[in-house]
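Below: the structure, in structure tokens.
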Amino acid sequence: MQRTKTYWKSTEELENKEGFIEQQEKEFPEKIPVDEFLGDESLNDSSTSRRDFLKFLGFSVGAATLAACEGPVNKAVPYLNKPEEITPGVANWYASTYIDGRDYCSVLVKTREGRPIHVEGNTLSAVTQGAVNARVQGSVLPLYDSGRYKAPSTAGEETSWSKVDGDIGAKLDKIRGNGGTVRVLSSSLASCSTRAAIHEFLNSFQSADNAGSEGEEVAVDAKHIIYDAVSSYGIRKANAASFGKDVVPSYHFEKARTIVSVGADFLSNWVAPIQSMHQYGESRKVGQEMSMHIQFEANLSLTGSNADTRIPVKPSQYGAILANIYNEIATLKTRPQIPAAQVSGEMISSIIATASQLLQNEGKSILVTGSNNPDHQIIANGINSMLDNYGNTIDLDNPNLTLQSDDAAVGELIADMNAGKVDALLLYNVNPAYSLPNAEEFKSGLKKVGTSISFAGSPDETVALVNHVCPDHHYLEAWNDANPTPGHYSLGQPTIAPLGKTRQAQDSLLLWAGVTASYQDFIKKYWKENVFTKQTTSLTFTSFWNQCLHDGVVGVAAGTDDDAIVENGGGEDETVNSLMSAAVAVQGETAEGDWELQLYEKTGIGDGTHANNPWLQELPDPVSKVCWDNYLTMNPDEMKDRGFNTVLGQVQEADLVEITANGVKQTLPVYPQYGQTKGTLGLALGYGRTAAGKTGNGIGQNAYSMCSFNEQLHYQVGNVSVSGSVGKYQIATTQTHHTMMGREPVRATTLEEFMGDPKAGNPDVTIASSDHKQMKAEELNLWQDFDRPGHHWGMSIDLNACIGCGACVIGCGSENNVSVVGKDEVARSREMQWIRIDRYYSSDTDKHGSLNLQEIPSTSENLEVSFQPIMCQHCNHAPCETVCPVAATTHSNDGLNQMAYNRCVGTKFCLNNCPYKVRRFNWFSYQNDNKFANVNPAQDDMGRMVLNPDVVVRSRGVMEKCSMCIQRIQAGKLTAKKEGRKIVDGEFQTACASACPTHAITFGDKNNPESQVSKNEADPRSYFLLEELDVQPTVNYMIKVRNKDIV
Amino acid sequence: MSNVISHIREPLVLGDRTVHDVTVDVAKSVEGKANKWWWICFGVAVIAALWGVLCITYTIAVGIGSWGVNKTVGWAWDITNFVWWIGIGHAGTLISAVLLLFRQKWRMAINRSAEAMTIFAVMMAGLFPLLHMGRPWLAFYSLPLPNQFGELWVNFNSPLIWDVFAISTYLTVSIVFWYLGLIPDFAMIRDRARVSGNKLYDNVYGLLSFGWSGKVRDWARFEEVSLVLAGLATPLVFSVHSIVSMDFAAGIVPGWHTTIFPPYFVLGALFSGFAMVLTLTIIMRKVMNLENYITIRHVESMNFIIILTGSLVGSAYITELFISWYSGVEYEQYAFINRATGPYYWAYTIMMTCNVLSPQLFWFKKIRNSFIISFVMSIFINIGMWFERFVIIVTSLHRDYLPSSWTMFHPTFVDIGIFVGTIGIFFTLFLLFARVFPVIAQAETKSILKEGGSQYYGNGSNATPVKEDGVTEEPGESEDGEDSEENNTDNEQ
């Protein structure tokens, strides 16, 4: 029998009481006092339901969560109205001109989405021929320096342009009214229009409007004085004395078959290095016509390390050597001799040999000297004119117009300033408070100047002392032009709108001069009047101007009316007289003291203007391979005698010494420099900046203070004393081993040997096979070969052409967003540069004669220097590829060894297994880590703008290396494809190849038998680095040929 | 299980232990309280471990730039430590597997701890390949996982991938083998806990022992599986370090690219592994009061293996030198000249002294029969073997083909901290193991007791226990015991 169970909760329910039924329907037995806890009556009227509330709650929580989860969002905002010329992802190139004091270069600027990101040489320029140097390559970075001035300032306070213009205008008008002295102090100006603008400015003080209140002329003494930190005044003075032409001539090394340099580092910084590098490369082409280069010098300079014969001498001997060379040639040519000091017997034999070499190539030789002493230059002029070099290798008629410094005038200016005579001083592109040896004198004088105005675009040592700062544009924001030599003009156009509220200095000058035209119009006018009229190709100025803008350069008939050339008298007698008096003066020069100091400029930093550019700071010095410092270079033998550390490394620090020169005492580390003349020291200028910016401050010591300044600036100092070790100091070098250890990564031969047998210095490498046959390494194969039907990208590096300048290193870094890592990391052997230039010293000692392969005869005349650019060799049997566990590095079908960064986990096996050690690891997050805040430009928003958007910025923990500029290859392939044609050889280049001023690096398709790389590979000079490992590198090297059989 | 006791053979367990005594001795470390020495060791180990964890955290946070490695020397302490720890991890499997197959009864007292050592050492070793990666969070890329990229596989040509397989296999088999041996011992503790009424131990060890019943059927299967696993593990002993050696041998770096590496590395691994077993067992013997189980016989047997492997390693070093000269390859030749005379000559000297010369001392019976000297020697060998790996890795890399890239490696505090830290973690784990797991394979050890025959054969001098009740003694006093033990062995002669 079934029974239904009854369940009840309470007696009320069981009994089914009245009231319970009522309650049962309600959720809560009692009324909940909602009103009480909500309180607000108005809520009752609210229509918000619980449902709504939950919706809002859900939305808010969701939104808040999403907002909190937001990762770093980089917005790519599309153009609302796309500018016609900008296609995102497609680079625009503009021709422009790099002008920085003495440096001039016609360039092409690569812009992406309106941002200039890379600079290359303009091959249309007949002057620079597409060559660039490291500073030009690196010049795009300062544009994005967040330390640049963003507005004008008065007495250190930021202000507006109208205010500044008002203030300055009033002050200048006062001078116009009351008379006074106005000085414009600028660096050498390659720009003809700038010179004209300054002229205009100065003329505004002379005009009739300036008549005083009583109608009589008020004398305003307005002058333009040109000052270069590293001056070439001596050359001008000498040419004025010798030939009556107050100019620096144009040197043509490409026409020379004998090149003799007495202390001139013409490949690095002397006179016109960019042009010289290219010319030198031309003259060094292997063959019967190859030039011979003899260098007498104290420091082992970049130029000296390229010389066929290098003779270490003291700076005090330069004059004697020149005079003796003169006499040697004069004897052979039966001309009268000049008084000359005695030199040692060994030296005289070198001099005789040098003289006979010069004479052998009469009219095709060149002798240059780096001294700023006019007497030395006069003797050099004498030698060159005896050798009939003028008009051949040295051009006085078409001189170098970019060098105009006048040391004497600078001296006068400082005297005037201290005498309180200067009412207004305008400083354009100069930093005398830093770079003058008598900077203190200048500073005290500056305080007495009525109005001082600086056009500095970024902070420097002088700016702190001036009344007004009217920041100039970066050259990529500005209009400009250059007239490097008569008949050659180069136009500079802005490639980006000014990033800050800066104004072009020329505009300011024109404005203050009362000229209403902008500088752009001013240039146009100048060109219309001075350039357009000399040319014959274009009919209208508009078409001429457009063509010039497009090409960037134009060559016209050289006029003689240029204002930069000052001629005064100068007859045969005067020439002889000046030579004799110079020789007498030189004869009196004697070595002074134990030590002589030769100051020099580094290839990267130069005179120090760009000390705040981390790319240049991290560029290893081509010879010493040191980054981020200046130091005393001393001969290692002498260092050992004094107990200084000659082996530098991560924990082996350099010794600090106190050096006293010209009464200035400084503490500097000593670097063992092989090839340094005994008894001499070298020290680089351009360091020790104190107000350059966060990157450049406090690096090294200021060596300008050690220069002497009597009539002209001198960069050789006698009577230097050096203390013993006073401490230890870490020097960061990228290379700590200096010999090839009996190996032959760089193969070399002599020209004589090469002409006899082109394979003499370059024997085939064979290895023994398992059945004891000697075979070429590439014939042995562990792998299955596969076809490369399309392209096979390759590279060829001519070691004979490479001068080691380092332009490629900066070019590569700029193109490929290579991280700057700073001194500490470099010292830990962790530099990131994808291309490096190995530098080896060698001497003629028998390879097996000495067990100690590291031994270098440090002062040996046989010391030879070899440069070898090394980037990823893109091995066809790449040892890195087989060992990567995750296949992050693989081979492309067009022969490239590739990195897939986002696949890389960073085991570093590839790095270990790379015989060339070209792989670079991201040890830190260089873009974020605080350690790199001062050095890595990608750490701030401005600096990031320089990054090439085609190349990813590698994250921490990822291996990277040279990609052979795959982004350029890809772009080039696409262009050809779109145009439905085959790729033309040389149509696109890697960044290093296009940066190379001597065309040492060639890039191309090895599958194309007509390409230059294929031809180079077939050349008898061709070899592969570490060929015997059978890694089958793609990059082939061409052996170095030294033209030495004498001296 | 043979229980034959021979006149001639010395007993493997001293002190006249009965089967029950063994149970008590082994269970004591699990059931009882830790002594002072344990706490001291543990404290030191934990401090080192924490320091290591700190350094590891720093590395992961900042990047391996915090180490001393650079563009030329891509591996240094990381891989040195890795190979060192892997090498240490070798003896465990050799003792448990190879010696099992060879019926070496003396292994029974030490195989458990040797296996534990193996596992912890391999864990420590495994840490380094992870840490040395630039992006350790992507370590799983090195596994052949299916992924959205279709055909994107790992690179099977890379020795690092072989490593991944070799080490993970080795670790797995070692753990299984170790655990299998532990089952009867866990059951023993479970049973004791059940009797004493310790619920926690009953449950935990009950779970761990997988319901071991001790029936003949269980034992039979246990034996079979042990044999099968031993058969499986034996080739692993040789494969793991052979494959680790290929990380170098498959490279083209002079000093790495050597066909002798696989046997050379295996021998080196056994050499260092036994040294570490010596170190550990000599400590454990003291700290855990196991004087009766780990006797001088064990030490001597291990010393024999050390002489053998040490000499073989020494001849490998000499062979390497010879071959580098004989090859006629200047890079090879220089690599070895540089090892011996270059800036890292001191590392080479330490390696040669510790690994080649010091084990030769064991030819003297007095020396190999001394606990103290054996202990000191084992430390020397551990140091020497660390330097062997350092020499191979760093001195080969720092000067390879192009002199322009030559540089030096200098460790940072993080490098040192992580290494010290792994030693700390290792000892922390090992000491915890010693407190929680039966440190001696008691079930097996019981099979080698002389108990059964003693009344017939008489104990004579060789069975004289040092202390009748060493069980209850404080470890501090046991020094006397060691001396008397040595005297004891002397008496035998």
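Taking the square roots of five times each eigenvalue of the Cα gyration tensor of the stretch B:80-143, the equivalent ellipsoid has semi-axes of 31, 10, 8 Å, listed largest first. Computed from backbone phi, the HN-Hα couplings of the stretch B:217-233 come to 4, 4, 4, 4, 5, 4, 4, 4, 4, 4, 5, 4, 5, 4, x, 6, 6 Hz, rounded to whole numbers (Karplus: 6.51 cos²θ - 1.76 cosθ + 1.60, θ = phi - 60°; Gly and Pro given as x).
Pairs of C-alpha atoms in the stretch B:334-460 farther apart than 19 Å represent 70 percent of all such pairs. In summary, the stretch A:999-1045 shows an alpha-carbon radius of gyration equal to 1.26 times the 2.2 N^0.38 Å reference for compact globular proteins. Applied to the stretch A:258-275, the Karplus parametrisation 6.51 cos²θ - 1.76 cosθ + 1.60 on θ = phi - 60° returns per-residue 3J(HN,Hα) values of 10, 10, 10, 10, 10, x, 9, 8, 6, 8, 10, 9, 7, 6, 9, x, 5, 5 Hz, with x for Gly and Pro. Among B:375, A:205, B:238, the sequence by solvent-accessible area, most first, with a 1.4 Å probe is B:238, B:375, A:205.
Taken over the alpha carbons of the stretch B:358-408 as equal point scatterers, the Debye sum produces base-10 log I(q)/I(0) values at 0.31 Å⁻¹ of -1.06. Model label points for residue A:60 and residue B:308, set 7 angstrom from Cα along the Cα-to-Cβ axis, are 7.7 nm apart. Using only Cα atoms, find the angle between the long axis of helix A:374-386 and the longest principal axis of chain A, and express it within 0 to 90 degrees, rounded to the nearest 10. Taking Cα atoms only, the helix is inclined about 70 degrees. Short-range pairs are left out: with C-alpha atoms under 8 Å and at least six residues apart, the relative contact order of chain A is 14 percent. Were the residues from residue A:84 through residue A:930 laid out at 0.36 nm apart, the gain over their Cα-Cα distance would be 300.5 nm. Peptide B:395-402 is shielded by partner chain Cβ atoms: per residue, an average of 5 of them sit within 10 Å of its Cβ.
Taking the stretch A:979-997 and a reference point 7 angstrom along Cα→Cβ of residue A:1018, the backbone N atoms nearer than 20 Å belong to A:983-987. Phi angles across the stretch A:792-805 convert, under the Karplus curve 6.51 cos²θ - 1.76 cosθ + 1.60 with θ = phi - 60°, into 3J(HN,Hα) values of 9, 5, x, 9, 9, 10, 8, 5, 6, 7, 5, 9, x, 5 Hz, Gly and Pro given as x.
Expressed in Å, the radius of gyration and Dmax of the Cα atoms of the stretch A:292-359 are 12.0, 36.
Within the shell defined by Cβ-Cβ distances under 10 Å, the residues around residue A:670 carry a net charge of -1, with Lys and Arg each +1 and Asp and Glu each -1. The accessible-area ordering, largest first, of the residues A:945, A:964 stands as A:945, A:964, per a 1.4 angstrom probe. For the Cα trace of the stretch B:198-321, dividing Rg by the Kirkwood Rh returns an Rg/Rh value of 1.13. In this calculation the C-beta distance from residue B:203 to residue B:28 is compared with R0 = 22 Å, giving a FRET efficiency of 0.60. Against the main long axis of the alpha-carbon atoms of chain A, helix A:318-332 sits at an angle near 50°.
Summing charges over neighbours of residue A:950, with a neighbour being any other residue whose Cβ is under 11 Å away from its Cβ, gives +2 when K and R count +1 and D and E count -1.
The order of the peptides A:920-929, A:643-652, A:434-443, A:4-13 by mean Cβ neighbours within 10 Å, most packed first, is A:920-929, A:434-443, A:643-652, A:4-13. Sorted from longest to shortest, the spans of the Cα atoms of the stretch B:1-121 along the three principal axes equal 64, 36, 19 Å. For residue A:671, the residues 5 or more places off, or on other chains, whose built amide H falls under 5 Å of its own are A:632, A:633, A:634. Here the protein assembly as shown carries DSSP beta bridges of which approximately 60% are antiparallel, counting only pairs with both residues inside. For residue B:143, the amide hydrogen comes within under 5 Å of no other amide hydrogen, counting only partners 5 or more places away or on other chains and with H modelled in the peptide plane. For residue A:870, the residues whose modelled amide H falls within less than 5 Å of its own, excluding neighbours fewer than 5 places apart on the same chain, are A:836, A:837, A:838. The simple spin-label model puts a point 7 Å past each Cα toward its Cβ; for residue B:218 and residue A:174 those points are separated by 10.8 nm. Rg/Rh, computed from the Cα trace of the stretch A:512-551 with Rh as the Kirkwood radius, has the value 1.05.
Ranked from largest to smallest solvent-accessible area, with a 1.4 Å probe on the protein heavy atoms, A:503, B:217 come out as B:217, A:503. Take each residue in B:131-142, count the other chain C-beta atoms within 10 Å of its C-beta, and the mean is 5. With only alpha-carbon pairs counted, each pair once and no self-pairs, how large is the Kirkwood hydrodynamic radius of the stretch A:934-1027 in angstroms? Answer for the stretch A:934-1027: a Kirkwood hydrodynamic radius of 16.1 Å.
Label-to-label distance, residue B:151 versus residue B:180, with points set 7 angstrom from Cα along the beta-carbon direction: 4.1 nm.
Of the chymotrypsin sites (Phe, Trp or Tyr not before Pro) in the stretch B:125-171, the ones in a loop by DSSP (not H, G, I, E or B) with at most 11 other beta carbons within 10 Å are B:149, B:156. Of the trypsin sites (Lys or Arg not before Pro) found in the stretch B:119-208, none is in coil by DSSP with at most 14 other Cβ atoms within 10 Å of its Cβ.
Mean projected area of the Cα convex hull of the stretch B:74-197, taken over all directions, amounts to 11.7 nm². Using alpha carbons only, the radius of gyration of the stretch A:137-187 set against its Kirkwood radius gives Rg/Rh = 1.14. Considering only A:427, A:537, A:414, and ranking their Cα positions along the charge dipole of the stretch A:411-556 that arises from unit charges at the beta-carbon of Lys, Arg, Asp and Glu, the one farthest toward the positive end is A:537.
The peptide list A:94-106, A:780-792, B:124-136, A:723-735, put in order of mean Cβ contacts within 10 Å with the highest first, becomes A:94-106, B:124-136, A:723-735, A:780-792. Compared with the dominant Cα axis of chain A, that is its longest principal axis, helix A:966-978 is turned about 80°. Coordinate range of the alpha-carbon atoms in chain B per principal axis, descending: 76, 57, 40 Å.
With a 10 Å cut-off around each Cβ of A:916-924, the average count of Cβ atoms from other chains is 6.
Seen from a random direction on average, the alpha-carbon convex hull of the stretch A:219-334 projects onto 10.1 square nanometres. The base-10 log of I(q)/I(0) for the protein assembly as shown, evaluated at q = 0.04 Å⁻¹, reads -0.36 [Debye formula, identical scatterers on Cα atoms, solvent excluded].
The values are calculated or read from the model by the stated rules, or taken from the named source; none is laboratory data. Fair warning: this is a prediction, and the values are worked out from it, not measured in the lab. We place every Cβ from the backbone using ideal geometry, glycine too, and count neighbours over all the protein chains shown. Protein only, heavy atoms only, side chains kept; ligands, DNA and RNA dropped before computing areas. Shrake-Rupley method; radii C 1.70, N 1.55, O 1.52, S 1.80 Å.
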